[in-house]
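The values are calculated or read from the model by the stated rules, or taken from the named source; none is laboratory data. Treat the numbers as computed from the prediction; the structure is a model and nothing was measured. Here the Cβ is made from the backbone with ideal geometry for all residues, glycine too, and neighbour counts use every protein chain on show. Accessible surface areas use protein heavy atoms only, side chains included; no ligands, DNA or RNA. Shrake-Rupley method; radii C 1.70, N 1.55, O 1.52, S 1.80 Å.
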Amino acid sequence: MPITTASNYKTSRGVPGSDYDTIIADIITQQQAWLERQCGRAFDEATYTDEAYDGTGTGELWLDNRPVSTLTAVKILASDGTTTTLDSGDYRLVDSQYIHRLKSTGWDAVSPWDGYSGPCFPRGHGNVLVTYTAGYGSGEHPDDLVSLMYQLVDIALHDRGHSALIQQQADGVVQRTRMTPTDAEKVKADLIRPWKRVSV
């Protein structure tokens, strides 16, 4: 389910008629794809199977897609290609965002260079495989994320010269005040900053 729909956008903006329904729907699809690329995360609910992560050598592993609703499996991939599935009691999901490694046998980081001592996800490249479900289901997208999408659609329509919101009536003549591409990119960058995935 996309972040919003053409119908919801039109209701929010008080746009009458159906002349631009197709255009608005296409823009929503394009802007959500752009937003997800820029933020490094997906927003719609999906299941990720054996998604590979680099072991951090610490007790925390942040997942790329959030919020996480179901954490199904965590596996450690050895150099010989064999995998070990961790017992569900060996870790827990915190704040629907990251996995915290609990005390168990093995995989303890004790190196002073790591700056960490305790149960960990062993260091490596793509050596931790996680299966989980994350994202927002239909009707679950936060209001501020929906509002962000409305603003991105506003800017895209503005660029096309079709935004009802930028029309100003002066002596019966419609005047349009256009935003420069540079200004538009700055506004978009400011809007999406709170939603960007931060690597830790």
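For ALA109, indicate whether it is in contact with a helix residue (DSSP H, G or I) (Cβ under 6 Å, 6 or more places away or on another chain), hydrophobic (A, V, I, L, M, F, W, C), open to solvent by less than 40 Å² (accessible area, probe 1.4 Å) and at pLDDT below 95.
On the way: in contact with a helix residue (DSSP H, G or I) (Cβ under 6 Å, 6 or more places away or on another chain): no; hydrophobic (A, V, I, L, M, F, W, C): yes; open to solvent by less than 40 Å² (accessible area, probe 1.4 Å): yes; at pLDDT below 95: yes.
No; evaluated as a whole, the condition is false for this residue.
Does TYR98 count as open to solvent by less than 40 Å² (accessible area, probe 1.4 Å), over 30 Å from ASP154 (Cα atoms), under 15 Å from the mean Cα position of the chain (by Cα) and modelled with pLDDT of 90 or more? Give the derivation first.
Working: open to solvent by less than 40 Å² (accessible area, probe 1.4 Å): yes; over 30 Å from ASP154 (Cα atoms): yes; under 15 Å from the mean Cα position of the chain (by Cα): yes; modelled with pLDDT of 90 or more: yes.
Spelling it out, TYR98 is indeed open to solvent by less than 40 Å² (accessible area, probe 1.4 Å), over 30 Å from ASP154 (Cα atoms), under 15 Å from the mean Cα position of the chain (by Cα) and modelled with pLDDT of 90 or more.
Evaluate the following for THR22: is it over 20 Å from the mean Cα position of the chain (by Cα) and either not in a helix (DSSP H, G or I) or not β-branched (Val, Ile, Thr) (or both)? Spell out how you get there, then give the answer.
Details: over 20 Å from the mean Cα position of the chain (by Cα): yes; either not in a helix (DSSP H, G or I) or not β-branched (Val, Ile, Thr) (or both): no.
When the stated conditions are applied, THR22 does not pass them.
Collect the residues in segment 58-88 that are among the β-branched types (Val, Ile, Thr) and either assigned to a loop (DSSP other than H, G, I, E, B) or open to solvent by 60 Å² or more (accessible area, probe 1.4 Å) (or both), keeping them in residue-number order.
First, the residues of segment 58-88 that are among the β-branched types (Val, Ile, Thr): 58, 68, 70, 72, 74, 76, 82-85.
Correct list: THR58, THR70, THR72, THR82, THR83, THR84, THR85.
Under 8 Å by Cβ, and 6 or more places apart or on different chains, what pairs join a residue from segment 133-160 that is under 18 Å from PRO67 (Cβ atoms) with one that is of a type in the set (Val, Ile, Thr) and open to solvent by 30 Å² or more (accessible area, probe 1.4 Å)?
Every condition considered, the pairs that remain are THR133/THR47; THR133/THR70; THR133/THR72.
I'd like to verify a number: residues in segment 25-54 that are basic (Lys, Arg) and modelled with pLDDT of 95 or more, how many? If you could, list the steps in order and put the result at the bottom.
So the first thing to find is which residues in segment 25-54 are basic (Lys, Arg), and the list is 37, 41.
The next check asks that each one be modelled with pLDDT of 95 or more; those that pass are none.
Counting residues in segment 25-54 that are basic (Lys, Arg) and modelled with pLDDT of 95 or more gives 0.
May I ask you to list the residues in segment 28-39 that are open to solvent by less than 60 Å² (accessible area, probe 1.4 Å) and not aromatic (Phe, Trp, Tyr)? Quick ask: steps written out before the conclusion?
First pass over segment 28-39, keeping only residues open to solvent by less than 60 Å² (accessible area, probe 1.4 Å): 28, 31-36, 39.
Residues satisfying the conditions are ILE28, GLN31, GLN32, ALA33, LEU35, GLU36, CYS39.
The rows are residues; the columns are (1) without any contact (Cβ under 8 Å) to a residue 60 or more places away in the chain; (2) in a strand (DSSP E or B); (3) out of contact with any Gly (no Cβ under 7 Å at 6 or more places or on another chain); (4) open to solvent by less than 40 Å² (accessible area, probe 1.4 Å).
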position	(1), (2), (3), (4)
ILE3	no, no, yes, yes
THR11	yes, no, yes, no
GLY17	yes, no, yes, no
ASP26	yes, no, yes, no
ARG41	no, no, yes, yes
THR47	no, yes, yes, no
GLY55	no, no, no, yes
